[in-house]
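Since the structure comes first, as structure tokens, the remarks are kept for the end.
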Amino acid sequence: MSTSGPRVRIAPSPTGEPHVGTVYIALFNYLFAKKMGGEFILRIEDTDATRSTPEFEQKVLDALKWTGLAWAEGPDVGGPYGPYRQSDRKAMYQPYGQELLDKGHAFRCFCTPERLEQMREAQRAAGKPPKYDGHCLNLKAEEVTARMEAGEASVIRMKIPTEGSCDFHDGVYGDVSIPWDSVDMQVLIKGDGMPTYHMANVIDDHLMKITHVARGEEWLASVPKHILLYRYFGWQEPVWMHLSLMRNADKSKLSKRKNPTSISYYSALGYLPEALMNFLGLFFIQIAEGEELLSMDELAEKFDPDNLSKAGAIFDIQKLDWLNGRWIREKLTPEDFIARTLEWASENERLTEGLKLSQSRISKLGELPQLAGFLLANDVGLAPASFSGLKTTPAETLEIINTVQADLEKLVEWNVEAIDQELRAVADKLGKKLRVVTPPLFVAMSGSSRSLPLFDSMALLGRSVVRQRLKIAATVVASMVGSE
Ligand code: GLU
């Protein structure tokens, strides 16, 4: 292990499908470490116990492994500054909360959720941004002790200077100045004793000896809170680098409503991880035209943190397709190509499970591509004609698809049982029989009304492909509504 080089990290929260934005930030950190002879570390930030799940954590690890990025320390590989999962570090944070209270940099707050809601309501009504009003800031020590002893619930909040601004340098944004009066008295330790993101993030970055914090620009506004914590503890601040977010072609923030954002979507469709990393890596480096096709090592070589690309990260799917095609045609040997194709088809057991589901439904093997091909296809060719044989009207079909789409987003686990239950609940909600709700979904998933069992198919396709097919189906069916 090198001790002199920089130490950087990716710190994902396992609260959803691994996002290409996470990989984009991870790649930046990885290239930085590789170029500068440092270490790239993975830490799981699961302090939000209500939204973090072990399944999502596993998916984050699988997605990051799929990309080819490798970390020197992390929850799966260990390391000298572990554990690397924040929920396993809970006891480590306690003394730091106490230290800030003792030094007078933080205070106990007994405000109830109801009071905070009333406060925010009043602020909203007055057109002011929501911010803690300091209700408990000056409670007497005896009162705090008495209320604690009486068992009253409390959190620990940080104190914020009342005047001036937080001035700091960002490696990407340059000099930044944020007035202190726009900074909230952040909760540091929650009622259940768990730290919030801000508290755990700073303590861990310090304890894990992180030298450079490179993350998405959405965290720029949090830097004053973080800087204050470094000062309160008397610790050396890291170098800050906030990267511009990836955007859709229309400059809006990359979101799953416009473009699929899950890594699992890109792997399911048969993008090569090398091509995706090549595509993302081009956002950071300056190259001449014709030099686009680059491996991870070549990207690292050309990576220069002092001369980052200023072009902005536009998620241009056509460019990704172009690079992916070039990787397939120019970089894979025929043997590699075959091996990679088989590996891809076997992902999520689509091939084997698809065959098992098909066996009782065919009379000749040659019917397989027609019957089960939708499990592997990028596009099932949905068109108005695909939906025209349904018993439901286009308006009803659209209502079914939209309801299913919204409700599936709420599923925590993605498996046959969970999908089965959810679709039954949708049928109840719509006051329709399950056998009325399922035919439009068969078509949306497979492009055909004769296909494999629906719930199994959806489980095999995976959440992100299902989301995309429902989205396409909704667009197609919406075009039929009114032209009946
Ligand atoms: N857990 C945060 C996230 O999910 C990490 C932010 C940071 O890198 O400080 O984005």
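The values are calculated or read from the model by the stated rules, or taken from the named source; none is laboratory data. Worth saying up front: this structure is predicted, and the values here are computed from it rather than measured. Note: ideal-geometry Cβ built from the backbone for every residue, glycine included; neighbour counts use all protein chains shown. Surface areas here come from the heavy atoms of the whole protein model, side chains and all, with no ligands, DNA or RNA. Shrake-Rupley method; radii C 1.70, N 1.55, O 1.52, S 1.80 Å.
For residues that are part of a helix (DSSP H, G or I) and more than 22 Å from PRO179 (Cα to Cα), tally how many sit in the stretch 122-145. Break it down into steps so the answer makes sense when it comes.
Taking the stretch 122-145 as the starting set, the residues that turn out to be part of a helix (DSSP H, G or I) are 122-125, 141-145.
Then drop every residue that is not more than 22 Å from PRO179 (Cα to Cα), which leaves 122, 125, 141-145.
The qualifying residues number 7.
What residue, of ASP62, ASP88, ASP170, is open to solvent by less than 30 Å² (accessible area, probe 1.4 Å) and acidic (Asp, Glu)?
Checking each option against the conditions leaves just ASP170.
Restricting to helices (runs of 4 or more DSSP H) lying wholly in the stretch 12-107: which have 3 or more residues that are within 25 Å of LEU276 (Cβ to Cβ)? Don't jump to the end; show me each part of the working.
Details: elements: 20-36, 54-67, 90-102.
By residue number, 20-36, 54-67.
Run down GLY38, GLY68, GLY82 and say which single residue is in contact with a strand residue (DSSP E or B) (Cβ under 9 Å, 6 or more places away or on another chain) and farther than 30 Å from VAL155 by Cα.
On the way: GLY68 fails: in contact with a strand residue (DSSP E or B) (Cβ under 9 Å, 6 or more places away or on another chain); GLY82 fails: farther than 30 Å from VAL155 by Cα.
Going through GLY38, GLY68, GLY82 in turn, the sole match is GLY38.
So SER244 fits all but one of (1) within 21 Å of the chain's Cα centre (by Cα); (2) farther than 18 Å from MET36 by Cβ; (3) touching a residue at least 60 places away in the same chain (Cβ under 8 Å); (4) within 13 Å of the ligand (Cβ to nearest atom); what number is the exception?
Among (1) within 21 Å of the chain's Cα centre (by Cα); (2) farther than 18 Å from MET36 by Cβ; (3) touching a residue at least 60 places away in the same chain (Cβ under 8 Å); (4) within 13 Å of the ligand (Cβ to nearest atom), the lone unmet condition for SER244 is (4).
Quick one: in the stretch 191-230, which of the residues that are of a type in the set (D, E, K, R) and modelled with pLDDT of 95 or more is surrounded by the most Cβ atoms within 10 Å (Cβ to Cβ)?
Residues of the stretch 191-230 of a type in the set (D, E, K, R): 192, 204-205, 209, 215, 217-218, 225.
This time we only want the ones that are modelled with pLDDT of 95 or more, so: 204-205, 209, 215, 225.
Numbers: ASP204: 22, ASP205: 25, LYS209: 15, ARG215: 20, LYS225: 22.
Restricting to residues being of a type in the set (D, E, K, R) and modelled with pLDDT of 95 or more, the top hit is ASP205.
Do the conditions hold for MET296, that is, is it open to solvent by less than 10 Å² (accessible area, probe 1.4 Å) and more than 16 Å from the ligand (Cβ to nearest atom)? Lay out the reasoning, then the answer.
Details: open to solvent by less than 10 Å² (accessible area, probe 1.4 Å): no; more than 16 Å from the ligand (Cβ to nearest atom): yes.
Answer is no for this residue.
Only residues in the stretch 370-394 that are within 12 Å of ARG469 (Cβ to Cβ) count as the first member; pair them with residues that are β-branched (Val, Ile, Thr) and in a loop (DSSP other than H, G, I, E, B), Cβ under 9 angstrom, at least 6 apart or cross-chain, and list the lot.
Listed by first residue and then by second, the contacts come to PHE374/VAL380; SER386/VAL380.
Does the stretch 17-36 contain any residue that is of a type in the set (D, E, K, R), open to solvent by 20 Å² or more (accessible area, probe 1.4 Å) and modelled with pLDDT of 90 or more? Don't jump to the end; show me each part of the working.
Just the residues of the stretch 17-36 that are of a type in the set (D, E, K, R), to begin with: 17, 34-35.
Of the ones still in play, those that are also open to solvent by 20 Å² or more (accessible area, probe 1.4 Å) are 17, 34-35.
Still in the list and also modelled with pLDDT of 90 or more: 34-35.
The answer is yes; a qualifying residue exists.
Each row is one residue, and each column tells you yes or no for (1) touching a Ser or Thr at 6+ places or on another chain (Cβ under 9 Å); (2) open to solvent by 20 Å² or more (accessible area, probe 1.4 Å); (3) under 23 Å from ALA474 (Cβ atoms).
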position: GLU367; (1), (2), (3): yes, yes, no
position: GLY373; (1), (2), (3): yes, yes, yes
position: ASN378; (1), (2), (3): no, yes, yes
position: GLY381; (1), (2), (3): no, yes, yes
position: SER386; (1), (2), (3): yes, yes, yes
position: THR393; (1), (2), (3): no, yes, yes
position: ASP407; (1), (2), (3): no, no, yes
position: LYS410; (1), (2), (3): no, yes, yes
position: ASN415; (1), (2), (3): no, yes, no
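Taking only the stretch 190-239 into account, find how many residues are under 25 Å from ASP175 (Cβ atoms), among the polar types (S, T, N, Q) and either in contact (Cβ under 8 Å) with a residue 40 or more places away in the chain or within 10 Å of the ligand (Cβ to nearest atom) (or both). Reasoning before the result, please.
Narrowing the stretch 190-239 to residues under 25 Å from ASP175 (Cβ atoms): 198, 201-202, 205-206, 210-239.
Narrowing the set further to residues that are among the polar types (S, T, N, Q) leaves 201, 211, 222, 236.
Still in the list and also either in contact (Cβ under 8 Å) with a residue 40 or more places away in the chain or within 10 Å of the ligand (Cβ to nearest atom) (or both): 201, 211, 222.
Adding up the residues that qualify gives 3.
Can you pull out the residues in the stretch 332-388 that are within 13 Å of GLY270 (Cα to Cα) and in contact with an Asp or Glu (Cβ under 9 Å, 6 or more places away or on another chain)?
Residue satisfying the conditions is LEU375 alone.
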